[in-house]
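Heads up, the thing below is written out as C-alpha coordinates.
The values are calculated or read from the model by the stated rules, or taken from the named source; none is laboratory data. Since the model is a prediction, treat every value here as computed from it, not as a measurement. We place every Cβ from the backbone using ideal geometry, glycine too, and count neighbours over all the protein chains shown. When the accessible area is computed, the model is the full protein with side chains, heavy atoms only, and any ligands, DNA or RNA have been set aside. Shrake-Rupley method; radii C 1.70, N 1.55, O 1.52, S 1.80 Å.
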Amino acid sequence: MSPLRHVDEAPAPQRPSPRGHLLNERTADSYQTSVTEVVGRLAQWIPKVDQPTSGITAPDLAADVNRVDLERPLGDMSEALDEVESLYLRDAVYFHHPRYMAHLNCPVVIPAVAAETLLSTVNSSLDTWDQSVGATLIERRLIDWSARRVGFGANADGVFTSGGTQSNLQALLLAREEARARHLGPGDDPLPRLRVFASECAHFSVRTSASLLGLAPDSVIAVPCDDERRMRVDHLAGEIARCREAGLIPMAVVATAGTTDFGSIDPLGEIADLCRSRMVWLHVDAAYGCGLLVSRRSHLLAGVESADSVTIDFHKSFFQPVSSSAVLVRDRATLRHVTHHADYLNPAHTARDHTPNLVDNSIQTTRRFDALKLWLTLRVLGADGVGALFDEVVDRAAEAWELLAADPRFEVVNQPRLSTLVFRYRLNDDSEPWLWDRVNDGARDSLLSSGRAMVAATTVDGRRFLKLTLLNPETTVQDVAAVLDLVAEHARAAEYAELTTTP
Ligand SMILES: *Cc1c(COP(=O)(O)O)cnc(C)c1O
(Lines give C-alpha, C1' and ligand atoms only; values in the text may rest on other atoms or scores of the structure.)
Protein backbone atom coordinates (compact mmCIF):
# COMPACT_ATOMS: atom_id res chain seq x y z
CA MET A 1 0.00 0.00 0.00
CA SER A 2 1.21 3.50 -0.79
CA PRO A 3 2.39 5.43 2.24
CA LEU A 4 0.81 8.53 0.64
CA ARG A 5 -2.73 9.16 1.71
CA HIS A 6 -5.22 9.78 -1.09
CA VAL A 7 -6.84 13.20 -0.69
CA ASP A 8 -10.45 12.01 -0.60
CA GLU A 9 -9.88 9.05 1.77
CA ALA A 10 -12.15 9.26 4.83
CA PRO A 11 -10.43 10.49 7.98
CA ALA A 12 -9.83 7.93 10.73
CA PRO A 13 -12.48 7.98 13.48
CA GLN A 14 -11.65 10.19 16.45
CA ARG A 15 -10.15 8.17 19.29
CA PRO A 16 -8.49 9.28 22.48
CA SER A 17 -4.75 9.29 22.01
CA PRO A 18 -2.94 6.31 23.56
CA ARG A 19 -1.88 8.65 26.33
CA GLY A 20 -5.50 9.06 27.32
CA HIS A 21 -5.40 5.43 28.49
CA LEU A 22 -2.55 5.98 30.93
CA LEU A 23 -3.63 6.30 34.52
CA ASN A 24 -2.58 9.62 36.00
CA GLU A 25 -3.94 12.81 37.51
CA ARG A 26 -5.67 13.82 34.27
CA THR A 27 -7.38 10.50 33.62
CA ALA A 28 -8.90 9.76 37.03
CA ASP A 29 -12.42 10.21 35.60
CA SER A 30 -11.79 7.78 32.79
CA TYR A 31 -10.28 5.33 35.30
CA GLN A 32 -13.37 5.56 37.44
CA THR A 33 -15.68 5.07 34.46
CA SER A 34 -13.81 2.03 33.17
CA VAL A 35 -13.38 0.26 36.47
CA THR A 36 -16.94 1.05 37.51
CA GLU A 37 -18.18 -0.36 34.24
CA VAL A 38 -16.32 -3.61 34.88
CA VAL A 39 -17.66 -3.86 38.42
CA GLY A 40 -21.16 -2.97 37.24
CA ARG A 41 -21.13 -5.65 34.58
CA LEU A 42 -19.90 -8.27 37.01
CA ALA A 43 -22.43 -7.28 39.64
CA GLN A 44 -25.13 -7.98 37.05
CA TRP A 45 -23.43 -11.08 35.69
CA ILE A 46 -22.71 -12.97 38.90
CA PRO A 47 -26.38 -13.34 39.95
CA LYS A 48 -27.15 -14.82 36.53
CA VAL A 49 -24.54 -17.58 36.78
CA ASP A 50 -26.70 -20.67 37.18
CA GLN A 51 -24.18 -23.45 36.67
CA PRO A 52 -20.44 -23.73 37.31
CA THR A 53 -19.50 -23.60 33.62
CA SER A 54 -21.02 -23.85 30.17
CA GLY A 55 -19.28 -27.08 29.21
CA ILE A 56 -17.94 -25.65 25.94
CA THR A 57 -15.11 -27.58 24.30
CA ALA A 58 -11.64 -26.12 23.69
CA PRO A 59 -11.91 -26.31 19.87
CA ASP A 60 -15.26 -24.50 19.85
CA LEU A 61 -14.07 -21.70 22.09
CA ALA A 62 -10.67 -21.48 20.38
CA ALA A 63 -12.39 -20.70 17.09
CA ASP A 64 -13.98 -17.61 18.66
CA VAL A 65 -10.79 -16.48 20.40
CA ASN A 66 -8.69 -16.95 17.29
CA ARG A 67 -11.10 -14.94 15.18
CA VAL A 68 -10.21 -11.75 17.08
CA ASP A 69 -7.87 -9.55 15.05
CA LEU A 70 -5.31 -8.21 17.50
CA GLU A 71 -4.02 -5.81 14.83
CA ARG A 72 -7.37 -3.98 14.85
CA PRO A 73 -8.14 -2.50 18.26
CA LEU A 74 -11.76 -1.68 19.00
CA GLY A 75 -10.73 1.60 20.57
CA ASP A 76 -13.66 1.44 22.94
CA MET A 77 -13.82 -0.05 26.40
CA SER A 78 -17.48 -1.08 26.26
CA GLU A 79 -17.06 -2.88 22.96
CA ALA A 80 -13.94 -4.62 24.22
CA LEU A 81 -15.82 -5.69 27.33
CA ASP A 82 -18.68 -7.06 25.22
CA GLU A 83 -16.07 -9.14 23.44
CA VAL A 84 -14.58 -10.37 26.73
CA GLU A 85 -18.06 -11.30 27.86
CA SER A 86 -18.49 -13.62 24.89
CA LEU A 87 -14.94 -15.01 24.93
CA TYR A 88 -14.50 -15.46 28.65
CA LEU A 89 -17.30 -14.66 31.06
CA ARG A 90 -19.93 -16.69 29.20
CA ASP A 91 -18.04 -20.00 29.54
CA ALA A 92 -15.77 -19.36 32.54
CA VAL A 93 -15.61 -21.79 35.44
CA TYR A 94 -17.21 -20.18 38.48
CA PHE A 95 -15.70 -21.39 41.73
CA HIS A 96 -18.38 -19.61 43.75
CA HIS A 97 -21.09 -21.82 42.28
CA PRO A 98 -22.23 -24.31 44.96
CA ARG A 99 -21.97 -27.21 42.52
CA TYR A 100 -18.35 -26.55 41.61
CA MET A 101 -16.60 -29.32 43.55
CA ALA A 102 -13.61 -30.15 41.39
CA HIS A 103 -10.23 -28.73 42.36
CA LEU A 104 -8.75 -26.76 45.25
CA ASN A 105 -10.31 -23.45 44.22
CA CYS A 106 -12.24 -21.29 46.60
CA PRO A 107 -14.87 -18.61 46.29
CA VAL A 108 -13.18 -15.31 47.14
CA VAL A 109 -13.99 -12.87 49.93
CA ILE A 110 -15.02 -9.38 48.82
CA PRO A 111 -12.39 -7.40 50.78
CA ALA A 112 -9.69 -9.36 48.96
CA VAL A 113 -11.23 -8.61 45.56
CA ALA A 114 -11.45 -4.94 46.47
CA ALA A 115 -7.79 -5.09 47.46
CA GLU A 116 -6.95 -6.44 43.98
CA THR A 117 -8.18 -3.20 42.43
CA LEU A 118 -6.23 -1.18 44.94
CA LEU A 119 -2.94 -3.01 44.54
CA SER A 120 -3.11 -3.10 40.74
CA THR A 121 -3.95 0.57 40.56
CA VAL A 122 -1.03 1.70 42.70
CA ASN A 123 1.08 -1.12 41.22
CA SER A 124 3.75 -1.30 43.92
CA SER A 125 6.51 -3.82 43.40
CA LEU A 126 7.62 -5.63 46.50
CA ASP A 127 11.21 -6.27 45.52
CA THR A 128 12.64 -3.22 47.20
CA TRP A 129 11.65 -0.68 49.80
CA ASP A 130 12.11 2.09 47.26
CA GLN A 131 9.42 0.54 45.01
CA SER A 132 6.90 -0.28 47.71
CA VAL A 133 7.38 1.54 51.03
CA GLY A 134 4.32 0.72 53.19
CA ALA A 135 3.51 -2.36 51.10
CA THR A 136 6.75 -3.98 52.25
CA LEU A 137 5.90 -3.28 55.89
CA ILE A 138 2.39 -4.70 55.47
CA GLU A 139 3.73 -7.87 53.89
CA ARG A 140 6.27 -8.24 56.69
CA ARG A 141 3.57 -7.90 59.34
CA LEU A 142 1.60 -10.67 57.62
CA ILE A 143 4.66 -12.91 57.41
CA ASP A 144 5.22 -12.36 61.14
CA TRP A 145 1.54 -12.99 61.83
CA SER A 146 1.54 -16.22 59.80
CA ALA A 147 4.78 -17.38 61.43
CA ARG A 148 3.26 -16.81 64.87
CA ARG A 149 0.19 -18.82 63.88
CA VAL A 150 2.51 -21.62 62.77
CA GLY A 151 4.21 -21.44 66.17
CA PHE A 152 7.61 -20.27 64.95
CA GLY A 153 9.77 -18.14 67.24
CA ALA A 154 11.25 -14.69 66.88
CA ASN A 155 13.81 -15.76 64.25
CA ALA A 156 11.17 -16.70 61.72
CA ASP A 157 10.85 -14.99 58.37
CA GLY A 158 9.52 -15.63 54.90
CA VAL A 159 8.02 -14.04 51.84
CA PHE A 160 4.87 -14.07 49.74
CA THR A 161 5.07 -16.16 46.57
CA SER A 162 3.00 -16.89 43.49
CA GLY A 163 1.75 -20.22 44.85
CA GLY A 164 2.49 -23.47 46.59
CA THR A 165 4.66 -24.66 43.73
CA GLN A 166 6.99 -21.70 44.09
CA SER A 167 6.91 -21.89 47.89
CA ASN A 168 7.92 -25.57 47.76
CA LEU A 169 10.67 -24.80 45.25
CA GLN A 170 12.12 -22.04 47.40
CA ALA A 171 11.97 -24.15 50.57
CA LEU A 172 13.76 -27.02 48.86
CA LEU A 173 16.34 -24.62 47.44
CA LEU A 174 17.16 -23.52 51.01
CA ALA A 175 17.28 -27.17 52.14
CA ARG A 176 19.61 -28.04 49.25
CA GLU A 177 22.02 -25.24 50.10
CA GLU A 178 22.02 -26.18 53.80
CA ALA A 179 22.76 -29.82 52.97
CA ARG A 180 25.38 -28.85 50.44
CA ALA A 181 27.15 -26.54 52.86
CA ARG A 182 27.36 -29.34 55.42
CA HIS A 183 28.62 -31.97 53.01
CA LEU A 184 30.91 -30.06 50.71
CA GLY A 185 34.22 -31.91 50.64
CA PRO A 186 37.26 -31.02 48.56
CA GLY A 187 36.49 -31.54 44.87
CA ASP A 188 33.20 -33.28 45.54
CA ASP A 189 29.83 -31.65 44.92
CA PRO A 190 27.27 -33.65 46.88
CA LEU A 191 24.43 -32.57 44.57
CA PRO A 192 23.94 -35.97 42.86
CA ARG A 193 23.81 -37.69 46.25
CA LEU A 194 21.06 -35.55 47.79
CA ARG A 195 17.73 -37.27 48.47
CA VAL A 196 14.28 -35.88 49.32
CA PHE A 197 11.62 -37.92 51.09
CA ALA A 198 7.94 -37.25 50.53
CA SER A 199 4.91 -39.47 50.88
CA GLU A 200 3.45 -41.19 47.86
CA CYS A 201 0.53 -38.75 48.19
CA ALA A 202 2.72 -35.61 48.15
CA HIS A 203 2.23 -32.89 45.55
CA PHE A 204 3.99 -33.31 42.20
CA SER A 205 5.69 -29.93 42.65
CA VAL A 206 8.16 -31.70 44.96
CA ARG A 207 9.42 -33.63 41.94
CA THR A 208 9.34 -30.56 39.72
CA SER A 209 11.44 -28.73 42.32
CA ALA A 210 13.97 -31.54 42.58
CA SER A 211 14.40 -31.46 38.84
CA LEU A 212 14.76 -27.66 38.74
CA LEU A 213 17.25 -27.84 41.59
CA GLY A 214 19.51 -30.14 39.60
CA LEU A 215 19.03 -33.17 41.83
CA ALA A 216 19.35 -36.69 40.44
CA PRO A 217 16.35 -38.07 38.49
CA ASP A 218 15.67 -40.57 41.30
CA SER A 219 16.26 -38.06 44.09
CA VAL A 220 12.68 -37.98 45.40
CA ILE A 221 11.87 -41.09 47.40
CA ALA A 222 8.15 -41.87 47.72
CA VAL A 223 7.44 -43.03 51.25
CA PRO A 224 4.41 -45.36 51.56
CA CYS A 225 1.26 -44.21 53.32
CA ASP A 226 -1.02 -45.91 55.83
CA ASP A 227 -4.71 -46.63 55.21
CA GLU A 228 -5.54 -43.01 55.94
CA ARG A 229 -3.04 -41.83 53.30
CA ARG A 230 -0.57 -40.47 55.86
CA MET A 231 3.16 -40.97 55.57
CA ARG A 232 4.39 -44.08 57.42
CA VAL A 233 7.06 -42.80 59.79
CA ASP A 234 8.58 -46.27 60.24
CA HIS A 235 9.10 -46.45 56.47
CA LEU A 236 10.53 -42.94 56.46
CA ALA A 237 13.05 -43.90 59.13
CA GLY A 238 13.95 -47.02 57.13
CA GLU A 239 14.42 -45.05 53.90
CA ILE A 240 16.63 -42.46 55.59
CA ALA A 241 18.78 -45.22 57.09
CA ARG A 242 19.01 -47.05 53.76
CA CYS A 243 19.98 -43.82 52.08
CA ARG A 244 22.81 -43.17 54.56
CA GLU A 245 24.10 -46.73 54.24
CA ALA A 246 24.29 -46.28 50.47
CA GLY A 247 26.46 -43.16 50.92
CA LEU A 248 23.62 -40.83 49.94
CA ILE A 249 22.64 -37.63 51.77
CA PRO A 250 19.13 -37.06 53.14
CA MET A 251 18.50 -33.44 52.11
CA ALA A 252 14.89 -32.89 53.20
CA VAL A 253 11.68 -34.52 54.27
CA VAL A 254 8.52 -33.01 52.82
CA ALA A 255 5.54 -33.68 55.07
CA THR A 256 2.16 -32.80 53.63
CA ALA A 257 -0.48 -31.13 55.79
CA GLY A 258 -3.49 -31.69 53.58
CA THR A 259 -2.73 -33.91 50.59
CA THR A 260 -4.30 -32.68 47.39
CA ASP A 261 -6.38 -35.80 46.83
CA PHE A 262 -7.30 -36.92 50.34
CA GLY A 263 -6.70 -33.93 52.60
CA SER A 264 -4.70 -36.30 54.80
CA ILE A 265 -2.18 -34.84 57.21
CA ASP A 266 1.13 -36.62 57.74
CA PRO A 267 2.04 -37.21 61.42
CA LEU A 268 3.94 -33.93 61.73
CA GLY A 269 5.14 -34.34 65.34
CA GLU A 270 6.64 -37.78 64.80
CA ILE A 271 8.21 -36.75 61.52
CA ALA A 272 9.66 -33.64 63.16
CA ASP A 273 11.23 -35.74 65.94
CA LEU A 274 12.77 -38.04 63.37
CA CYS A 275 14.10 -35.14 61.30
CA ARG A 276 15.61 -33.51 64.37
CA SER A 277 17.38 -36.69 65.44
CA ARG A 278 18.63 -37.36 61.89
CA MET A 279 19.56 -33.71 61.22
CA VAL A 280 17.36 -33.49 58.14
CA TRP A 281 15.52 -30.37 56.98
CA LEU A 282 11.75 -30.66 57.47
CA HIS A 283 9.51 -28.85 55.03
CA VAL A 284 5.77 -28.92 55.71
CA ASP A 285 3.63 -28.43 52.62
CA ALA A 286 0.47 -26.92 54.11
CA ALA A 287 -0.71 -25.43 50.81
CA TYR A 288 -4.15 -26.89 51.44
CA GLY A 289 -4.23 -27.44 55.22
CA CYS A 290 -3.10 -23.92 56.14
CA GLY A 291 -6.74 -22.93 56.72
CA LEU A 292 -6.44 -24.93 59.94
CA LEU A 293 -4.16 -22.19 61.29
CA VAL A 294 -7.25 -20.02 61.83
CA SER A 295 -9.79 -22.80 62.44
CA ARG A 296 -11.10 -24.44 65.61
CA ARG A 297 -9.24 -27.52 64.37
CA SER A 298 -5.77 -25.95 64.58
CA HIS A 299 -4.65 -28.91 66.74
CA LEU A 300 -4.58 -30.98 63.53
CA LEU A 301 -1.42 -29.08 62.60
CA ALA A 302 0.40 -29.88 65.86
CA GLY A 303 4.07 -30.39 65.09
CA VAL A 304 4.22 -27.84 62.27
CA GLU A 305 6.06 -25.50 64.64
CA SER A 306 9.07 -27.83 64.46
CA ALA A 307 9.42 -27.51 60.70
CA ASP A 308 12.31 -25.68 59.08
CA SER A 309 10.02 -24.29 56.39
CA VAL A 310 6.30 -24.21 55.65
CA THR A 311 4.24 -23.60 52.50
CA ILE A 312 0.94 -21.77 52.92
CA ASP A 313 -1.53 -21.16 50.09
CA PHE A 314 -3.86 -18.36 51.07
CA HIS A 315 -5.52 -18.82 47.68
CA LYS A 316 -6.72 -22.26 48.72
CA SER A 317 -8.14 -22.18 52.23
CA PHE A 318 -8.13 -18.47 53.12
CA PHE A 319 -10.63 -17.57 50.35
CA GLN A 320 -8.12 -15.31 48.58
CA PRO A 321 -7.99 -14.64 44.84
CA VAL A 322 -5.12 -16.23 42.92
CA SER A 323 -2.26 -15.59 43.62
CA SER A 324 -1.59 -15.48 47.31
CA SER A 325 0.88 -17.82 48.95
CA ALA A 326 3.84 -17.69 51.29
CA VAL A 327 6.90 -19.64 52.29
CA LEU A 328 7.94 -19.34 55.93
CA VAL A 329 11.22 -20.36 57.54
CA ARG A 330 11.96 -20.99 61.21
CA ASP A 331 15.45 -19.45 60.97
CA ARG A 332 15.74 -16.33 58.84
CA ALA A 333 19.47 -16.92 58.37
CA THR A 334 18.60 -19.70 55.90
CA LEU A 335 17.11 -17.12 53.53
CA ARG A 336 20.66 -15.93 52.79
CA HIS A 337 20.74 -18.68 50.16
CA VAL A 338 18.41 -16.63 47.96
CA THR A 339 20.00 -13.26 48.69
CA HIS A 340 21.96 -11.80 45.80
CA HIS A 341 22.92 -8.17 45.65
CA ALA A 342 22.56 -6.13 42.47
CA ASP A 343 24.16 -2.70 42.39
CA TYR A 344 21.13 -1.12 40.71
CA LEU A 345 18.56 -2.71 43.03
CA ASN A 346 19.61 -3.86 46.46
CA PRO A 347 23.32 -3.13 46.88
CA ALA A 348 24.99 -4.87 49.82
CA HIS A 349 25.03 -1.74 51.95
CA THR A 350 21.20 -1.70 51.97
CA ALA A 351 21.27 -4.96 53.91
CA ARG A 352 23.80 -3.53 56.35
CA ASP A 353 21.56 -0.47 56.77
CA HIS A 354 18.60 -2.81 57.40
CA THR A 355 16.65 -1.35 54.49
CA PRO A 356 13.76 -3.80 54.13
CA ASN A 357 14.25 -5.11 50.59
CA LEU A 358 12.10 -8.21 50.30
CA VAL A 359 13.91 -9.28 47.12
CA ASP A 360 16.57 -10.43 49.59
CA ASN A 361 14.06 -13.11 50.74
CA SER A 362 12.64 -14.06 47.36
CA ILE A 363 13.39 -15.93 44.15
CA GLN A 364 11.24 -13.38 42.29
CA THR A 365 12.25 -9.81 41.49
CA THR A 366 9.26 -7.68 40.45
CA ARG A 367 6.52 -8.98 42.71
CA ARG A 368 2.84 -8.19 43.27
CA PHE A 369 1.50 -6.77 46.51
CA ASP A 370 -0.70 -9.85 47.03
CA ALA A 371 -0.36 -9.41 50.77
CA LEU A 372 -2.80 -6.50 50.69
CA LYS A 373 -5.64 -8.94 49.93
CA LEU A 374 -5.00 -10.92 53.09
CA TRP A 375 -4.48 -7.70 55.03
CA LEU A 376 -7.88 -6.26 54.09
CA THR A 377 -9.46 -9.67 54.72
CA LEU A 378 -8.05 -9.86 58.23
CA ARG A 379 -8.93 -6.22 58.95
CA VAL A 380 -12.54 -6.74 57.84
CA LEU A 381 -13.42 -10.37 58.71
CA GLY A 382 -10.65 -11.21 61.12
CA ALA A 383 -8.81 -14.50 61.36
CA ASP A 384 -11.73 -16.12 63.17
CA GLY A 385 -14.04 -15.15 60.33
CA VAL A 386 -11.81 -16.86 57.79
CA GLY A 387 -11.42 -19.86 60.09
CA ALA A 388 -15.19 -20.14 60.50
CA LEU A 389 -15.59 -20.30 56.72
CA PHE A 390 -12.99 -23.05 56.46
CA ASP A 391 -14.52 -24.96 59.39
CA GLU A 392 -17.83 -24.92 57.58
CA VAL A 393 -16.43 -26.67 54.53
CA VAL A 394 -14.72 -29.26 56.73
CA ASP A 395 -18.04 -29.86 58.52
CA ARG A 396 -19.79 -30.14 55.18
CA ALA A 397 -17.29 -32.74 53.98
CA ALA A 398 -17.97 -34.84 57.09
CA GLU A 399 -21.71 -34.71 56.36
CA ALA A 400 -21.09 -35.53 52.71
CA TRP A 401 -19.05 -38.56 53.76
CA GLU A 402 -21.99 -39.89 55.76
CA LEU A 403 -24.17 -39.46 52.72
CA LEU A 404 -21.72 -41.26 50.45
CA ALA A 405 -20.91 -44.06 52.88
CA ALA A 406 -24.62 -44.88 53.15
CA ASP A 407 -25.24 -44.75 49.39
CA PRO A 408 -25.09 -48.17 47.70
CA ARG A 409 -24.47 -46.53 44.31
CA PHE A 410 -20.98 -45.50 45.40
CA GLU A 411 -17.81 -46.73 47.01
CA VAL A 412 -15.95 -44.14 49.09
CA VAL A 413 -12.20 -44.25 49.75
CA ASN A 414 -11.48 -41.79 52.53
CA GLN A 415 -13.16 -40.33 55.55
CA PRO A 416 -12.15 -36.68 55.16
CA ARG A 417 -9.83 -34.87 57.59
CA LEU A 418 -10.27 -31.73 55.53
CA SER A 419 -12.71 -31.27 52.68
CA THR A 420 -12.09 -33.78 49.89
CA LEU A 421 -13.91 -37.04 49.20
CA VAL A 422 -12.61 -39.69 46.82
CA PHE A 423 -15.20 -42.15 45.60
CA ARG A 424 -16.44 -44.01 42.54
CA TYR A 425 -19.63 -45.23 41.01
CA ARG A 426 -20.13 -48.93 41.62
CA LEU A 427 -20.64 -51.46 38.87
CA ASN A 428 -21.63 -55.09 39.28
CA ASP A 429 -18.96 -56.89 41.27
CA ASP A 430 -18.16 -59.10 38.29
CA SER A 431 -17.47 -56.16 35.96
CA GLU A 432 -13.91 -55.83 34.68
CA PRO A 433 -11.75 -53.21 36.44
CA TRP A 434 -11.20 -51.32 33.15
CA LEU A 435 -14.95 -50.93 32.81
CA TRP A 436 -15.16 -49.34 36.27
CA ASP A 437 -12.43 -46.92 35.15
CA ARG A 438 -14.08 -46.05 31.84
CA VAL A 439 -17.51 -45.55 33.37
CA ASN A 440 -16.22 -43.26 36.09
CA ASP A 441 -14.07 -41.21 33.71
CA GLY A 442 -16.93 -41.11 31.25
CA ALA A 443 -19.31 -39.86 33.94
CA ARG A 444 -16.95 -37.05 34.87
CA ASP A 445 -16.42 -36.03 31.25
CA SER A 446 -20.08 -35.97 30.30
CA LEU A 447 -21.01 -34.16 33.52
CA LEU A 448 -18.38 -31.55 32.65
CA SER A 449 -19.80 -31.16 29.14
CA SER A 450 -23.24 -30.56 30.61
CA GLY A 451 -21.75 -27.80 32.79
CA ARG A 452 -24.28 -28.56 35.53
CA ALA A 453 -21.73 -29.59 38.15
CA MET A 454 -17.99 -30.15 38.31
CA VAL A 455 -16.17 -32.96 40.06
CA ALA A 456 -12.55 -34.05 39.70
CA ALA A 457 -11.00 -37.42 38.90
CA THR A 458 -7.87 -39.12 40.17
CA THR A 459 -6.14 -42.47 40.34
CA VAL A 460 -5.98 -44.49 43.56
CA ASP A 461 -3.95 -47.70 43.69
CA GLY A 462 -4.02 -47.88 39.90
CA ARG A 463 -7.79 -47.40 39.48
CA ARG A 464 -9.78 -44.35 38.43
CA PHE A 465 -11.88 -42.53 41.01
CA LEU A 466 -13.90 -39.36 41.29
CA LYS A 467 -13.24 -36.59 43.77
CA LEU A 468 -15.25 -33.86 45.41
CA THR A 469 -13.24 -30.93 46.74
CA LEU A 470 -15.45 -28.78 48.95
CA LEU A 471 -14.18 -25.25 49.54
CA ASN A 472 -17.40 -23.31 49.30
CA PRO A 473 -19.21 -22.65 52.58
CA GLU A 474 -22.35 -21.97 50.52
CA THR A 475 -22.42 -25.55 49.25
CA THR A 476 -25.10 -27.46 51.16
CA VAL A 477 -25.54 -31.16 51.78
CA GLN A 478 -28.47 -30.95 49.35
CA ASP A 479 -26.04 -29.67 46.71
CA VAL A 480 -23.79 -32.64 47.38
CA ALA A 481 -26.75 -35.03 47.13
CA ALA A 482 -27.85 -33.42 43.87
CA VAL A 483 -24.33 -33.70 42.41
CA LEU A 484 -24.16 -37.37 43.41
CA ASP A 485 -27.46 -37.95 41.60
CA LEU A 486 -26.01 -36.27 38.51
CA VAL A 487 -22.85 -38.39 38.75
CA ALA A 488 -24.94 -41.56 38.99
CA GLU A 489 -27.10 -40.50 36.05
CA HIS A 490 -24.04 -39.80 33.86
CA ALA A 491 -22.36 -43.01 35.04
CA ARG A 492 -25.38 -45.10 34.10
CA ALA A 493 -25.37 -43.50 30.66
CA ALA A 494 -21.62 -44.10 30.32
CA GLU A 495 -22.01 -47.73 31.36
CA TYR A 496 -24.82 -48.23 28.89
CA ALA A 497 -22.71 -46.68 26.13
CA GLU A 498 -19.74 -48.93 26.99
CA LEU A 499 -21.85 -52.07 27.06
CA THR A 500 -23.59 -51.34 23.80
CA THR A 501 -20.43 -50.42 21.86
CA THR A 502 -18.02 -53.04 23.23
CA PRO A 503 -18.15 -56.34 21.31
C1 LIG B 1 -2.09 -26.96 45.39
C2 LIG B 1 -0.97 -27.60 46.07
C3 LIG B 1 0.35 -27.22 45.77
C4 LIG B 1 0.67 -26.27 44.64
O5 LIG B 1 0.23 -24.99 44.92
P6 LIG B 1 -0.06 -23.94 43.74
O7 LIG B 1 -0.52 -22.77 44.50
O8 LIG B 1 -1.10 -24.57 42.87
O9 LIG B 1 1.21 -23.71 43.02
C10 LIG B 1 1.37 -27.78 46.50
N11 LIG B 1 1.11 -28.68 47.46
C12 LIG B 1 -0.14 -29.09 47.76
C13 LIG B 1 -0.34 -30.10 48.84
C14 LIG B 1 -1.23 -28.56 47.07
O15 LIG B 1 -2.47 -28.98 47.35
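Just a few scattered comments:
- The dipole here belongs to the chain: it is taken about the Cα centre, uses +1 on the Cβ of Lys and Arg and -1 on the Cβ of Asp and Glu, and is about 1160 debye.
- The chain, helix-only ellipticity at 222 nm - DSSP H runs n ≥ 4, -39,500 (n - 2.57), divided by all residues, nearest 500: -13000 deg cm²/dmol
- The residues of the chain present an accessible area of 49 Å² per residue when probed at 1.4 Å with all protein chains retained.
- For the stretch 179-242 and the stretch 117-140, distance of Cα centres in Å: 36 Å
- With the largest listed first and rounded to whole Å, the semi-axes of the equivalent ellipsoid of the stretch 252-397 from the Cα gyration tensor are 29, 22, 12.
- Against the empirical curve 2.2 N^0.38 Å, the C-alpha radius of gyration of the chain lands at a ratio of 1.10.
- Mean sequence separation of contacting Cα pairs (under 8 Å, at least six apart), scaled by the length of the chain, corresponds to a relative contact order of 19 percent.
- Restricting attention to the chain, close to 55% of DSSP beta bridges with both partner residues there are antiparallel.
- Heavy-atom accessible surface of the stretch 384-501: percent carbon and sulfur, 1.4 Å: 47 percent
- Where chymotrypsin sites (Phe, Trp or Tyr not before Pro) in DSSP loops with at most 12 other Cβ within 10 Å are excluded, longest remaining stretch of the chain: 1-203
- Solvent-accessible area of the stretch 165-312 (1.4 angstrom probe, protein heavy atoms only): carbon and sulfur portion equals 53 percent.
- Ratio of the Cα radius of gyration of the stretch 124-380 to 2.2 N^0.38 Å, where N counts its residues: 0.99
- With a simple spin-label model that places each label point 7 Å from the Cα along the Cα-to-Cβ direction, the separation between Val84 and Arg26 comes to 2.5 nm.
- Under 5 Å from the amide H of Thr161 lie the amide H atoms of Ser325, Ala326, Val327, each residue being 5 or more positions distant or on a separate chain, with H modelled from the backbone and absent for Pro and chain starts.
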